[in-house]
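I'd like to ask some things about the structure below.
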Amino acid sequence: MTVGSFYFRLTTSGNLLGEFSNNGSTENSTESAERKIPAGNSFVGEFYASWQEDGKAFYADLEITPKTQTANMFTLTWMRDNKQVFWGQGFLAEGLLIGNYQDQPIP
């Protein structure tokens, strides 16, 4: 089971830049996400995400949605080939979206 943490910073163009690590990492790695449909300046939306692990490139569709009845908490889902590959949750702190993720559903 993969378990990790991440942060994203929102760029002025509405895209995401950040870093992540997980239980298989030896150091932090970069992840970026390009917004699919330009829409405002919010973490909420659909993105094309890309990152590298051990020199190998990975891609996924990332969707960030607000958690029900919370102002600054979010659910993240990474999909590849119409299958969910990572489940995540995060919160806003000092302008960053900070959270955790895993490769199995979060209860």
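The values are calculated or read from the model by the stated rules, or taken from the named source; none is laboratory data. Quick caveat, the model's predicted, so the values are computed rather than measured. A quick note on method: Cβ atoms are made from the backbone with ideal geometry, for glycine too, and the neighbour counts reach across all protein chains shown.
Among the residues that make up region 44-55, is at least one of them exposed (fewer than 12 other Cβ atoms within 10 Å of the Cβ), part of a strand (DSSP E or B) and either touching a residue at least 12 places away in the same chain (Cβ under 8 Å) or aliphatic (A, V, I, L, M) (or both)?
Yes, region 44-55 has at least one match.
Then there is this: Scan Glu19, Glu27 and give me the residue that is among the charged types (D, E, K, R), out of contact with any helix residue (DSSP H, G or I) (no Cβ under 6 Å at 6 or more places or on another chain) and outside any loop (DSSP other than H, G, I, E, B).
On the way: Glu27 fails: outside any loop (DSSP other than H, G, I, E, B).
None of the others qualify; the one that does is Glu19.
Further, regarding this structure: When both residues are 6+ apart or on different chains and their Cβ atoms are under 6 Å apart, which pairs have a first residue that lies in region 81-106 and is acidic (Asp, Glu) and surrounded by fewer than 14 Cβ atoms within 10 Å (Cβ to Cβ), and a second that is at pLDDT 95 or above and part of a strand (DSSP E or B)?
Short answer, once both residue conditions are applied: none.
Taking Asn72 as the residue in question, decide whether it is surrounded by 15 or more Cβ atoms within 10 Å (Cβ to Cβ) and either in contact with a strand residue (DSSP E or B) (Cβ under 8 Å, 6 or more places away or on another chain) or more than 18 Å from Ile106 (Cα to Cα) (or both).
On the way: surrounded by 15 or more Cβ atoms within 10 Å (Cβ to Cβ): no; either in contact with a strand residue (DSSP E or B) (Cβ under 8 Å, 6 or more places away or on another chain) or more than 18 Å from Ile106 (Cα to Cα) (or both): yes.
It is false that Asn72 is surrounded by 15 or more Cβ atoms within 10 Å (Cβ to Cβ) and either in contact with a strand residue (DSSP E or B) (Cβ under 8 Å, 6 or more places away or on another chain) or more than 18 Å from Ile106 (Cα to Cα) (or both).
Also: Among the residues of region 1-15, count how many are closer than 18 Å to Ala93 by Cα and either without any contact (Cβ under 8 Å) to a residue 60 or more places away in the chain or basic (Lys, Arg) (or both).
Number of matching residues: 5.
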